[in-house]
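Shown next, in structure tokens, is the structure this report addresses.
The values are calculated or read from the model by the stated rules, or taken from the named source; none is laboratory data. All values reported here derive from a predicted model rather than from experimental measurement. Here the Cβ positions follow ideal geometry from the backbone for every residue, glycine too, while neighbour counts run over all protein chains shown.
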Amino acid sequence: MSFRALLPIKHANPYLSTTMQSPNIPPVKYQILNCQGQDILVGRLKILTNTGSGHAFILRRFDTGAISATTMFRAAFPNANEHDEKTEISWIKEHYDLSGNNGSMGNQLVARLAGVWVSPEVALELGTEYSLGALINVIVDARPDPRANYRRSGKSGAGVSAGAADSPQQNGDQNAYSQSPAASPPAAKRRKDSSPAPLPALSQTTQNQVPRRSARTKSPAPRSAVQQFSAVVVPRTPKAFKTAAVVAARREEMVVTPGGSEETIVEEHEEVKGDAQKVIDYVAGEELRQQDLREQKELIERLKAQKADEEARKATAAEAERDEQEEEEEEEEEEEEEQQEEKTNGKRAREEQEAPLQFQFREPELEERQIATNSRVEKWRATKRVAWGVAAFAAGLGAVLLPTFF
């Protein structure tokens, strides 16, 4: 398990303490998100931040009950860099069990959203570490009304108006619903729908006032038809310009959806069409695509690394096998040489092997034992005798002949 890096406290959200101390903690608002063909009820909690947009959203999906740890980190540390976020998210993946919170490529039963999603228990633990406090408790304790028809995402709401019109409370007040900009089409479509269509009304009027074919025979049909056609005056609907009074009146209209999740239609409309919609669509769209690309790149790099390791391992194994073969060949050669030497030594040993020692009794020798002497020593003795004899003869001869000379 990897070591957890320090949280970027210097980038902490300065508005968290003020928001938690305020008596009016922002409520959780709900919206239906269609992702991968599945409708997911998503709750969002708006958090003030010191960023360009001025706020962030903490998301929770109610199909699995998981809370987005990615949005929690961004709400707690809005100005943290990507490296800090990636390091913290990687640690969360390794430290906690995230199975069942979000879909994956292997689990197609649960829709997959971007980011890392954790259980409410883990979210409470991380919320304490991120200093989110009561704010995370609000989204953990949120309970949507199962009978309510919540607003759908802009990209997935093909039947937004049809689904919203089935709401029990809105059926009781059709006028308020039809005038609300949140449930009605955009401004261009509202202007087209509010003005009567000239051509259908004109054709219907001319059909009622133009006489039959039998009646035209007695009177000039073309002239009367033109006169009757010209007599029909279709008033042109002027363009609907929004005045300040109308805008103010619409802003004062309060429509509370079941479960108390909406405050004002205009506020909800602006919020859904604005940053909240971007965040929700980003989770199910662009961010999910980018996350898939990152995961695919990581998978490719991991596969490349595994392939390189496998090739290196194979090369090492092949080299080790070659070394073993060379060692075996050398050992075989040494064994052959030893066997040859053993064969040669065995022959010599058999040839030089002495007979077993046995005690043999000999008869006593009758003849004198001859002592072997050196022939050179015998010659030296004879020469020595001759020399002594010659010397004695010379001395005697000298003693006899010496007086005769005097």
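Being of a type outside the set (S, T, Y), closer than 26 Å to I32 by Cα and surrounded by fewer than 18 Cβ atoms within 10 Å (Cβ to Cβ) is a property that holds for D145.
For segment 308-320, the criterion of a residue being in a helix (DSSP H, G or I), β-branched (V, I, T), outside the structural domain of C35 (by the TED database) and at pLDDT 85 or above is satisfied by at least one position. Between R369, R348, R376, the distinction of being on the phi < 0 side of the Ramachandran plot, modelled with pLDDT under 85 and outside any helix (DSSP H, G or I) belongs to R369 only.
Which is in the same structural domain as L109 (by the TED database) and more than 24 Å from P144 (Cβ to Cβ), of F57, F77?
Details: F57 fails: more than 24 Å from P144 (Cβ to Cβ).
Sole residue among the options that is in the same structural domain as L109 (by the TED database) and more than 24 Å from P144 (Cβ to Cβ): F77.
Residue selection: I58 satisfies the criterion of being out of contact with any Phe, Trp or Tyr (no Cβ under 6 Å at 6 or more places or on another chain) and at pLDDT 90 or above.
Would it be correct to say that P78 is within 20 Å of G133 (Cα to Cα) and either among the hydroxyl-bearing types (S, T, Y) or surrounded by 14 or more Cβ atoms within 10 Å (Cβ to Cβ) (or both)? Yes. Restricting segment 108-124 to residues that are surrounded by fewer than 12 Cβ atoms within 10 Å (Cβ to Cβ) and modelled with pLDDT under 85, the residue that is farthest from the chain's Cα centre (by Cα) is L109.
Would you check if S156 is at pLDDT below 50 and not basic (K, R)?
Numbers: at pLDDT below 50: yes; not basic (K, R): yes.
Yes; evaluated as a whole, the condition is true for this residue.
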